[in-house]
1. What helices (runs of 4 or more DSSP H) lie completely within the range 46-142 and have 3 or more residues being touching a residue at least 12 places away in the same chain (Cβ under 8 Å), over 18 Å from Gly14 (Cβ atoms) and small (Gly, Ala, Ser)?
2. Check Ala225 against each of (1) open to solvent by less than 40 Å² (accessible area, probe 1.4 Å); (2) of a type outside the set (Ser, Thr, Tyr); (3) more than 17 Å from Lys254 (Cβ to Cβ); (4) within 16 Å of the ligand (Cβ to nearest atom) and name the one condition it does not meet.
3. I want to confirm something. Restricting to the range 1-29 and keeping residues that are out of contact with any strand residue (DSSP E or B) (no Cβ under 8 Å at 6 or more places or on another chain) and within 13 Å of the ligand (Cβ to nearest atom), which single residue is least open to solvent (accessible area, probe 1.4 Å)?
4. Tell me yes or no: at least one residue of the range 128-142 is in contact with a Leu (Cβ under 9 Å, 6 or more places away or on another chain) and open to solvent by less than 30 Å² (accessible area, probe 1.4 Å).
5. Being closer than 26 Å to Gln195 by Cα, among the charged types (D, E, K, R) and away from the ligand (no atom under 15 Å from the Cβ) narrows it down to one of Glu132, Glu115, so name that one.
6. Hey, any hits in the range 50-61 for a residue that's within 16 Å of the ligand (Cβ to nearest atom) and farther than 27 Å from Ile247 by Cβ?
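The values are calculated or read from the model by the stated rules, or taken from the named source; none is laboratory data. Owing to the predicted nature of the structure, the values given are computational and were not obtained by experimental measurement. Here the Cβ positions follow ideal geometry from the backbone for every residue, glycine too, while neighbour counts run over all protein chains shown. SASA here: full protein model, heavy atoms, side chains in, ligands and nucleic acids out. Shrake-Rupley method; radii C 1.70, N 1.55, O 1.52, S 1.80 Å.
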Amino acid sequence: MRRKLVAGNWKMNGSLAALVELDAIAGAASRTPTVDVAMAVPATLIAPAVARALGLMVGAQDVHGAPSGPHTGCLSAAMVREAGARFTIVGHSERRADQGETDADVRAKAARGHEQGLSIILCVGETLAQREAGRAEAVVTAQLNGSLPEVFDGAWLSIAYEPVWAIGTGRVPSVGDVAAMHATIRATLATGIGQRASAVRILYGGSVTPNNAADLLMTDNVDGALVGGASLTAGSFMPIIAAAAAISEGRPAK
Ligand code: PEP
């Protein structure tokens with residue numbers, strides 16, 4: 001039985017003042033023992049968030065694929081770990097697009113993060129053109145095969161399926177399409193590690209809101225959510241945590 005993980009991603013948003021939202025989210029997380037709750041904050045907020053948001057896993061949005069060296073402006077896995085991060089996102093589509101990150105880069109980032117004891121949320125997802133061309137599953141499978149570390153397991157790795165066209169747009173795939181893609185991802189993981197793939201959490205991400213969270217979180221092989229916009233305030237993030245908790249506890253989620 002996989003515990004659900006509800007992870008937020010503040011992207012390039014937030015400030016010390018915004019940590020009051022995190023206080024409220026952490027309070028909700030500590031009252032929700034059946035669900036894991038995590039927040040990827042900007043790197044400048046990792047240490048202050050860790051200092052006050054007990055009950056919540058605080059993480060980074062990226063780490064470099066090298067352990068150290070001449071990479072001005074970048075942060076290593078050891079640096080974010082020292083700041084208090086317990087996990088990092090790698091391979092977010094915004095970084096794949098804006099920074100030109102390749103699957104090989106993402107694989108190196110995941111490996112460096114794991115070496116430093118970070119849990120990893122590894123993102124994959126197709127563009128709208130790729131979906132419309134009927135290539136969504138092939139694209140995601142190729143991304144996974146290219147960016148999964150050589151050795152991995154569900155104790156520290158989660159996959160986030162995030163269709164690029166669903167991120168920040170209010171558009172969400174049908175639950176049937178989400179179920180089909182998550183089943184494909186599970187099967188791809190199984191070709192690498194066999195039955196142990198059943199322990200890897202597969203999150204859905206892309207315009208998750210309090211209105212659609214329950215339907216998505218009830219879908220087969222959806223073990224949680226990666227949430228951007230709706231994670232910025234406690235008012236919109238806490239109902240998503242509550243939906244995950246209700247499903248985990250066998251209560252009506254809506
Ligand atoms: C994201 O960027 O990871 C994301 C899921 O964003 P949003 O929820 O805003 O679509």
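1. Numbers: elements: 46-52, 77-82, 93-98, 103-115, 128-132.
Answer list for the range 46-142: 103-115.
2. It fails just one condition, (3).
3. Selected residue: Lys11.
4. Taking the range 128-142 and keeping what is in contact with a Leu (Cβ under 9 Å, 6 or more places away or on another chain), we get none.
No, that holds for no residue.
5. On the way: Glu132 fails: closer than 26 Å to Gln195 by Cα.
Of Glu132, Glu115, the one residue that is closer than 26 Å to Gln195 by Cα, among the charged types (D, E, K, R) and away from the ligand (no atom under 15 Å from the Cβ) is Glu115.
6. The answer is yes; a qualifying residue exists.
A quick yes/no check of all residues on (1) under 22 Å from Met12 (Cβ atoms); (2) part of a strand (DSSP E or B); (3) at pLDDT below 95:
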{"position": "His182", "(1), (2), (3)": "no, no, no"}
{"position": "Ile185", "(1), (2), (3)": "no, no, no"}
{"position": "Thr188", "(1), (2), (3)": "no, no, no"}
{"position": "Gly194", "(1), (2), (3)": "no, no, yes"}
{"position": "Leu226", "(1), (2), (3)": "yes, yes, no"}
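For (1) of a type in the set (Asp, Glu); (2) surrounded by 17 or more Cβ atoms within 10 Å (Cβ to Cβ); (3) under 14 Å from the mean Cα position of the chain (by Cα), each residue gets a yes or a no:
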{"position": "Pro33", "(1), (2), (3)": "no, no, no"}
{"position": "Ala51", "(1), (2), (3)": "no, no, no"}
{"position": "His64", "(1), (2), (3)": "no, yes, no"}
{"position": "Gly69", "(1), (2), (3)": "no, no, no"}
{"position": "Arg95", "(1), (2), (3)": "no, yes, yes"}
{"position": "Gln116", "(1), (2), (3)": "no, yes, no"}
